[in-house]
Each structure stands twice: as structure tokens, then as C-alpha cells.
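Since the structure comes first, as C-alpha cells, the remarks are kept for the end.
The values are calculated or read from the model by the stated rules, or taken from the named source; none is laboratory data. Just so we're clear, the structure is a prediction, and the values are computed from it rather than from any experiment. Reconstructed Cβ throughout: ideal geometry from the backbone, glycine too, with neighbour counts over all protein chains shown.
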Amino acid sequence: YEIYLNGLTGAVPRLPTDLSRLEELVERRLGPGPVGYVAGSAGDGSTARANRAALERRAIVPRMLRDVRERDLSVEVLGRALPAPLALAPVGVLSITHPDAEPAAARAAAAQGVPYVLSSASSTPMEEVAEAMGEAERWFQLYWSKDQEVTRSFLDRAKAAGYSVLVVTLDTPLLAWRPRDLDQAYLPFLHGVGTANYFSDPVFQAGLAKPVHEDPDAAVLRFVSLFADPGKTWPDLGFLRDNWDGPIVLKGVLHPDDARLALDAGMDGVVVSNHGGRQVAGSVAAADALPRVAEAVGDRMTVLFDSGVRTGDDMFKALALGAEAVLVGRPYVYGLALDGQAGVEHVIRCLLAEFDLTLALSGHARPGTVGAGDLVEG
Ligand code: FNR
């Protein structure tokens, strides 16, 4: 009601409350390189469209007369009490969109009590982001390097800086065919801004002939050569399990058999995700993969979801399809691009308010009672 009350004084929100409009605003504000980087996807965009279509194809069937006066959005995920089933997805190189970059997004998440997942490809070292967040819940996303010692060093630093959950992204052993980046020759990593965690890392630095500032090109080349590893296989997960005490979640799982392998490897959860349609064009929509994964492992490990979430009703649908919580990517990045920390907070608050209303209007007082029976497929 806050927005309506403010309306009495003639004040309207600084950003639209229909978050789907943020993209067009950003399109006008940022140049084609940055916009292509954030909004772009793999191939002709088929997977990103499929993500939206799979959510829109499903419809909520609201129930009536179920006393929804007292509502509680909180959930327990990986043993953590969260105020709502929402987290900010790892997005690299946020300095491209706003100079306040990752610390601003992290502060916004902290202010709303929502976990922030910091990308390995952050433009700010992980320790600085942690400091910006105080005691708030923070998770670390790992791009699994070819260099085992760099990986070990990242894990040690993340632990020391208070990141409690490790999110290992599996769907990016190589960067995909992304025409909007290719057409702009836009590789933000090569522009040297997505490398802060690496350039600040003592083990990474030790592998260089000269300090980063003396030969930045050599540093970028070392980064490119070890950033991801297409040679990894399931048994390699043992190394991560041995070197991380907290929960480990594998991001980018779409096949139920991969979810079972994750379970066998001692992982604590999966994120059903196709990287927002940025990796495999023509891939299964994340929302179509979700029920099969949830059915395979949902009673034995945590199942999270991202790729295409834009509204509170999308959050509701993801829960009904078997997710415990969702991650949101591009919308908060658009909020950041348009209004820094306040823009990210706006996006989080809109999502939570709309989710709360969707729950209530659909006959639920808590996320935990949402289930498959709340949806029909059109
Ligand atoms: C991403 N994503 C991503 N994922 C990851 O594990 N590490 C990363 O560094 C990045 N970087 C990144 C940059 C940009 C610009 C985008 C849009 C996405 C993927 C991200 O975590 C998430 O899976 C998707 O963004 C979810 O889809 P939506 O919400 O953007 O549709």
C-alpha cells in the first residue's frame, strides 16, 4: 500500500512497477555493447524466449475463502532462514551497467534480507563485496578454473570473507555463441573488468611473470586460459566437496539424471537453470526441466530455479513446479543500471510485494502450501 499512500502526495515510483518495462528503459540508457551483454542470449534467443513461454503457458488456478489475513513468506533453504523464496543470481561484470557495481547490488540484497550470490567474474574483489554486506547472507558462485590452486585459493578467500554457500556453475565450460556480443566484439572479460577476483588473487598473481599492472595483457591472457575448464567430469566434484565445508549447489542442471549424479556426488542442491538462455540455443526451457528434476531429487536435496523469472506470479509458478526458491538475474541488473542500489531494492521489493499478493489472492498464506495442484498447463 506504500505506493498508493505515496500517491496521495503526488509521488510516483522512480522506476516502473511493471518490471518488464525496465529492459526498454535500459536499452535507451546504455550503449549497444553493455545492453547486448546484459539482455543478449545464445544464438537467435530461442532459449530465452522459451523460458518466458514455459512460464506463461502455465496458469495459476486461484482458490477462494482460505483465510489469508496473516501471511508469512519466509522459507528455509539449505538450513538458512530466508525472508522469502528469492535470491539475486550471480551476474558478472556489473561495473558495465553502473559504477557502483556489485557492492550496490549486494547492499540492496542485504537491506532486504535476500541472499546475494557473488559471481566469480565480479568486477569487485569478493572481500570488498563482503564488507559492503556486513553480516548479511552471501553466497559465492564459482567458475571452476583449470588451475586447481586458483580454485582452492578462491574457496579459501570466499570462506574467510563469510560466503556460506558455494554455487558451482556447470553450464559454462565455454562461453556460448552470443551474437549480440560477437557483433560488438564485446567481451567484457577481455576489457579487463570481470577479472577483479583473479587479479587480486595471490595464487593467480604468482603464475604471472610480471605484476598485473606492469603487463595487464599477459594477466588477461592467463585469466582467459584458466577461467573455465571443459575437461571437468563428475568425479572432479570430490575436490570441491573436500575443500568446502558448507552447502554446495550445482547451477545449470536441466536433466534429472544429472540431478541424481549431483546427489551421488554429495552435493546439497541444484539450480535448475539454462543461464537465462545464454548458453545453449534451442535448449529446454528451465521451467519445463524443473518438474522432472524436482521429481527425481526434490525430496532429498534442495532444488532452486532461475531463467525467466520476471514477476511475483513467476515465483509462485516456480514453487508450484517444485522449486524451493528462485534466483532472479536480468531484472535486478536493469534496476542497478537505472538507479544503482535503490534500483535493485525497487526490483526486489516489487517482486516480493507481487509474490505476497499472488500467494494471498491464490488462497495461500505461506509458500510451503503451494503445489502442482495450483497450476494448469494451457
Ligand atoms: C549471467 N549469469 C551468470 N551466471 C553465473 O553463474 N555466473 C556469472 O558470472 C553470470 N553472469 C551473467 C551475466 C549476465 C549479464 C546475465 C544476464 C546472466 C546467469 C545468471 O546467474 C542467471 O542464471 C540468469 O540471469 C537467470 O535468468 P534471467 O533471470 O536473467 O532470465
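Descriptive notes on the structure:
- A count restricted to the range 129-146 and to residues that are in contact with a Phe, Trp or Tyr (Cβ under 8 Å, 6 or more places away or on another chain) and acidic (Asp, Glu) stands at 1.
- Sole residue being touching a helix residue (DSSP H, G or I) at 6+ places or on another chain (Cβ under 6 Å) and not polar (S, T, N, Q), chosen from GLY231, GLY238, GLY266: GLY266
- First in the range 271-299 and touching a residue at least 40 places away in the same chain (Cβ under 8 Å), second anywhere and of a type outside the set (Lys, Arg) and more than 16 Å from the ligand (Cβ to nearest atom), Cβ under 7 Å, 6 or more apart: ALA281/ASP44; PRO291/GLY322; VAL293/PRO256; VAL293/ALA259; ALA296/PRO256; ALA296/ALA259; VAL297/ALA259; VAL297/LEU263
- Being within 18 Å of VAL270 (Cα to Cα) and at pLDDT 95 or above is not true of LEU155.
Rundown of residues vs (1) under 26 Å from VAL35 (Cβ atoms); (2) within 15 Å of the ligand (Cβ to nearest atom), yes/no style:
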| position | (1), (2) |
| --- | --- |
| ALA104 | yes, no |
| ALA108 | yes, no |
| GLY113 | no, no |
| GLU135 | no, no |
| LEU142 | no, yes |
| LYS146 | no, no |
| SER153 | no, no |
| LEU166 | no, yes |
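- Qualifying residue in the range 41-61 (condition: within 16 Å of the ligand (Cβ to nearest atom), buried (at least 21 other Cβ atoms within 10 Å of the Cβ), more than 20 Å from VAL271 (Cα to Cα) and among the hydroxyl-bearing types (Ser, Thr, Tyr)): no
- Scanning the range 319-335 for residues that are more than 11 Å from the ligand (Cβ to nearest atom) and either modelled with pLDDT under 95 or in a helix (DSSP H, G or I) (or both) yields LEU319, ALA320, GLY335.
- Criterion violated by LEU352 - all others in (1) away from the ligand (no atom under 15 Å from the Cβ); (2) aliphatic (A, V, I, L, M); (3) closer than 27 Å to PRO103 by Cβ; (4) out of contact with any Gly (no Cβ under 8 Å at 6 or more places or on another chain) satisfied: (4)
- Residue under evaluation GLY340, criteria (1) more than 16 Å from the chain's Cα centre (by Cα); (2) at negative phi; (3) of a type in the set (Gly, Ala, Ser), criterion not met: (2)
- Output for the range 129-174, where each listed residue is part of a helix (DSSP H, G or I) and under 26 Å from ALA84 (Cα atoms): VAL129, ALA130, GLU131, ALA132, MET133, ALA158, LYS159
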